[in-house]
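Throughout, read-outs are computed from the coordinates displayed, never taken from laboratory work. Predicted, not measured: the structure shown is a model, and the values here were computed from it. Positions of Cβ are generated from backbone atoms using ideal geometry, with glycine treated the same way; all protein chains shown enter the neighbour counts.
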Amino acid sequence: MRPISYSRATAVADAVAAVAADPTSDFLAGGTTEVDLLRQNVLLPRRLVDINDLPLTGIEDRPDGGLYIGALARMSEVAEAPAVRERFPMVAEALVLGASAQLRHMASMGGNMMQRVRCGYFRDASSPCNKRDPGSGCGALDGFNRGHAVLGVSEHCIATHPSDVAVPLVALDARIHTEGPHGRQVHALDDFFLLPGATPHLEHPLEHGELVVGIEVPGLAMARSSCYLKVRDRESYEFALTSVAAAVDLADGVIRDVRLALGGVATKPWRARRAEELLRGAPADIGAFRRAAREELAAARTTPLNAFKAELARRTVVRALATLTGTEHAS
Amino acid sequence: MSAPDIPSRAPARAVLPERGPEPVRITLTVNGVDRAVEVEPRVSLLDALRERLDLTGAKKGCDQGTCGACTVWVDGRRVLACLTLAITCEGREVTTIEGLAEGDELHAMQSAFIEQDAFQCGYCTPGQIMSAVALLKEGHASDDREIAEWMSGNICRCAAYPHIRAAIRTVRDRA
Ligand SMILES: Cc1cc2nc3c(=O)[nH]c(=O)nc-3n(C[C@H](O)[C@H](O)[C@H](O)COP(=O)(O)OP(=O)(O)OC[C@H]3O[C@@H](n4cnc5c(N)ncnc54)[C@H](O)[C@@H]3O)c2cc1C
Ligand code: FES
Ligand code: FES
């Protein structure tokens with residue numbers, strides 16, 4: 001770990017100005033990604049600007065029934081907030097199923113959106129990695145890639161996006177509010193996470209020094225009937241192999257409206273738009289769920305080690321929808 | 001009015017004061033006592049406690065957030081000292097396993113761990129106990145399933161889990 005220097009900011013404008021003016025400064029929130037990767041020599045900032053004293057911790061109701069979550073609200077605080085648990089249960093569930101109680105007390109919501117991939121080749125500073133060192137190649141393509149993505153992959157990068165809570169948030173059309181050298185910006189979450197393509201080192205549209213200040217979650221009545229299903233190698237304290245965030249508006253056994261997103265299988269939190277299209281207006285039965293899941297995963301590009309993920313993701317979708325709609329599971 | 005409507009761009013102070021990279025003098029409040037130490041800003045809270053303040057209760061298992069052996073409280077919340085920089089704790093209350101007992105009187109959870117034989121090698125134990133006391137405060141110990149889930153951030157290589165849960169139940173039911 002290289003030496004670093006340290007500043008603590010108490011105003012948003014100071015933090016933004018300090019980091020924007022210096023390409024070698026990084027923001028420090030909970031530190032659960034930043035300190036970890038500093039120690040691995042994956043991140044090499046000269047200075048950290050501590051943003052934990054900024055007044056960005058609130059969780060507020062919006063007039064449309066939605067929420068505005070401050071970037072420095074901790075995962076644990078958001079998971080416990082009654083407004084989140086009642087109106088957006090899939091968000092609360094995704095948070096509680098992420099990391100551990102200790103990490104959730106540390107990790108901020110803004111930091112969660114900005115967390116880096118868990119790919120072993122990215123985390124090992126001596127391996128080739130197009131994300132960490134553009135043009136150096138990808139160790140995962142022909143390496144140990146059991147946990148890697150099957151959707152949204154490119155020949156340059158197949159790292160899975162690790163966030164749980166970003167999955168329900170992308171299903172909810174959440175928006176990221178930022179404050180940067182060019183003022184206030186609002187980014188739709190689905191546009192905020194970039195596919196790797198030929199530029200896996202570009203993960204989001206933020207300028208250097210642009211600070212996430214909050215996450216806006218628009219009101220959505222059917223989100224009260226939503227769930228997050230996470231499948232992993234061990235029962236707890238583990239990243240997802242596959243996960244599904246689903247919200248359904250059901251009337252007389254017919255799906256009037258649905259929101260669906262997948263985690264653990266794609267290079268970004270994956271909004272399952274094709275499946276949503278097929279499900280809207282369909283009867284809530286296993287056949288319809290299977291068809292939607294199959295179509296969504298049709299584009300999957302697998303390796304011998306992670307081929308199981310496509311089938312696992314299909315089954316996770318079916319299980320989540322069956323649970324949510326109270327549909328009998330045939331098999 | 002909620003936050004998105006706050007006008008943006010308050011004028012920035014010209015330069016934010018910068019400390020380090022050489023050792024800087026910081027004051028940590030540990031177990032209620034102010035302690036001054038010289039540390040580089042890159043030093044973790046765990047290393048500051050263990051190497052500078054002779055508080056070796058918190059253990060270093062993985063040094064990357066995956067085992068929970070380093071669990072301490074900052075401002076009353078259980079966190080991982082290995083992923084926390086010491087300098088960020090200035091002005092906050094740090095509590096370690098050494099701060100749990102009242103003089104010679106062990107904390108109820110410490111006694112319960114002994115009574116229930118909740119450890120073998122003992123390496124994970126300080127982290128388990130700091131986590132367990134916090135767990136009861138957080139109110140997620142209704143049954144064994146919930147205890148297991150909310151204690152999952154503390155790995156025990158000796159797999160003393162059933163006894164750890166028994167110790168937690170004992171203290172929960174005594175309260
Ligand atoms: C062992 C372990 C297990 C984990 N398991 C899970 C899991 O199961 N599910 C899951 O979703 N996550 C998991 N995580 C990841 C964890 O959720 C993230 O590390 C955390 O959310 C990051 O938030 P932070 O506040 O600690 O960010 P930091 O580490 O402080 O920052 C992360 C990055 O974002 C930047 N940054 C921070 N805040 C802002 C901001 N407001 N604006 C702009 N940039 C910012 C920093 O410069 C840094 O580069 C795990 C982490 C660990 C270590
Ligand atoms: S040493 Fe901190 S979590 Fe393992
Ligand atoms: S008692 Fe040995 S690691 Fe837990």
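Which loop chymotrypsin sites (Phe, Trp or Tyr not before Pro) in the range A:231-291, with loop taken from DSSP, have no more than 10 other Cβ atoms within 10 angstrom of their Cβ? All intermediate terms of the calculation are to be shown ahead of the outcome.
Details: sites: A:237, A:239, A:270, A:289; in loops: A:237, A:239.
Here no loop site has a sparse enough neighbourhood.
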Could you work out how much longer the chain between residue B:158 and residue B:27 gets when fully extended? Use 0.36 nm per residue separation minus the Cα distance between them, nm to one decimal. 43.5 nm
Can you list residues whose amide H is under 5 Å from residue B:85's amide H, if they're 5+ apart or on another chain and H is modeled 1.01 Å from N? B:45
Using a Gaussian network for chain A with springs between C-alpha atoms less than 10 Å apart, which of these wobbles most: A:212, A:244, A:19? A:19
Taking 7 Å along the Cα-to-C-beta vector as the label spot, tell me the residue B:102-residue A:280 distance in nanometres, rounded to one decimal. 6.3
Order by neighbour count: A:321, A:260, fewest other Cβ atoms within 10 Å first, most last. A:260, A:321
At R0 = 35 Å, FRET efficiency that the Cβ-Cβ distance of residue B:75 and residue A:233 yields, to 0.05: 0.55
Between residue B:114 and residue A:133, what is the spin-label point distance in nm, taking each point 7 Å from the Cα along the Cα→C-beta axis? 5.3
Could you pull out every one of the lysines with an alpha carbon less than 28 Å from that of residue B:60, ignoring same-chain neighbours closer than 8 positions? B:137
Percent antiparallel among DSSP beta bridges (both partners in chain B, rounded to 5): 90
Length added when fully stretched, residue A:182-residue A:24, from 0.36 nm per residue minus Cα-Cα: 55.0 nm
Quick query: amide H of residue A:50 versus all other amide H atoms, modeled in the peptide plane; which residues come in under 5 Å with a sequence gap of 5 or more or a different chain? A:7, A:8, A:9, A:28
Starting from the Cα of residue A:230, draw a straight line to each of the lysines and keep only those under 21 Å, dropping any in the same chain fewer than 8 residues away. A:268, A:309
Report relative contact order for chain A in percent, whole number only (criteria: Cα-Cα under 8 Å, sequence separation at least 6). 17
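Where does the protein assembly as shown land at 222 nm, in deg cm²/dmol rounded to the nearest 500, when only DSSP H runs of n ≥ 4 count, each adding -39500 (n - 2.57), divided by all residues?
Details: 17 runs with 140 residues, N = 506.
Value at 222 nm, helices only: -7500 deg cm²/dmol.
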Contact order normalised by length for the range A:5-53, with contacts defined as Cα pairs under 8 Å and 6 or more residues apart; what percent is it? 56
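Which helices of chain A meet both criteria: a Cα extent of 18 Å or more along the helical axis and a mean Kyte-Doolittle score no lower than -1.0, with helices taken as whole DSSP H segments? If you can, show how the numbers build up before the last one.
Numbers: long enough: A:308-325 (26 Å, 0.38).
Qualifying helices, which must be both long enough and hydrophobic enough, are A:308-325.
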Would you mind checking which residues have amide H under 5 Å from residue A:115's amide H? H placed 1.01 Å from N; only 5 or more apart, or other chain. none
About its Cα centre, what dipole magnitude does the range B:24-99 give when the only charges are +1 on Lys and Arg Cβ and -1 on Asp and Glu Cβ, stated in debye to the nearest 20? 180
Estimated inter-spin distance, residue A:294 and residue B:148, nm [label 7 Å along Cα→Cβ]: 3.6
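Sort A:316, A:327, B:71 so the one with the fewest other Cβ atoms within 10 Å of its own Cβ comes first.
Ascending Cβ contact count within 10 Å gives the list A:327, A:316, B:71.
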Show me, for the range A:64-69, the HN-Hα J-couplings you get by feeding each phi into the Karplus relation (A = 6.51, B = -1.76, C = 1.60, θ = phi - 60°), rounded to Hz, glycine and proline as x. 8, x, x, 9, 10, 9
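Using R₀ = 41 Å, calculate the FRET efficiency as 1/(1 + (r/R₀)^6) where r is the Cβ-Cβ separation of residue A:202 and residue B:56; round to 0.05. Each step should come with its number before you reach the end.
Values: r = 44 Å, r/R0 = 1.07.
Using R0 = 41 Å, I get an efficiency of 0.40.
Let a ≥ b ≥ c be the square roots of the eigenvalues of the Cα gyration tensor of chain A; is it rounded (a/c under 1.5), or, if not, prolate (a/b larger than b/c) or oblate?
Working: a/c = 2.06, a/b = 1.32, b/c = 1.57.
Oblate, since a/c reaches 1.5 and b/c is not below a/b.
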Using each residue's phi in the range A:22-36, evaluate 6.51 cos²θ - 1.76 cosθ + 1.60 at θ = phi - 60° and report the 3J(HN,Hα) Karplus result to the nearest Hz, with x for Gly and Pro. 9, x, 9, 9, 10, 6, 10, 9, x, x, 6, 9, 4, 5, 4
Per-residue HN-Hα couplings for the range A:261-268, Karplus 6.51 cos²θ - 1.76 cosθ + 1.60 at θ = phi - 60°, whole Hz, x for Gly and Pro? 9, 10, x, x, 10, 9, 7, 8
Along the charge dipole of the protein assembly as shown, pointing to its positive end and built from +1/-1 on Cβ of Lys, Arg, Asp and Glu, which listed residue (B:130, A:129, B:97) has its Cα farthest out? A:129
Between the range A:122-195 and the range A:1-22, the alpha-carbon center distance in angstrom: 24
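What Kirkwood hydrodynamic radius, in Å, does the range A:190-331 give when the mean of 1/r is taken over all pairs of distinct Cα atoms and then inverted?
Values: mean 1/r = 0.0608 Å⁻¹.
After inverting the mean inverse Cα-Cα distance, the result is 16.4 Å.
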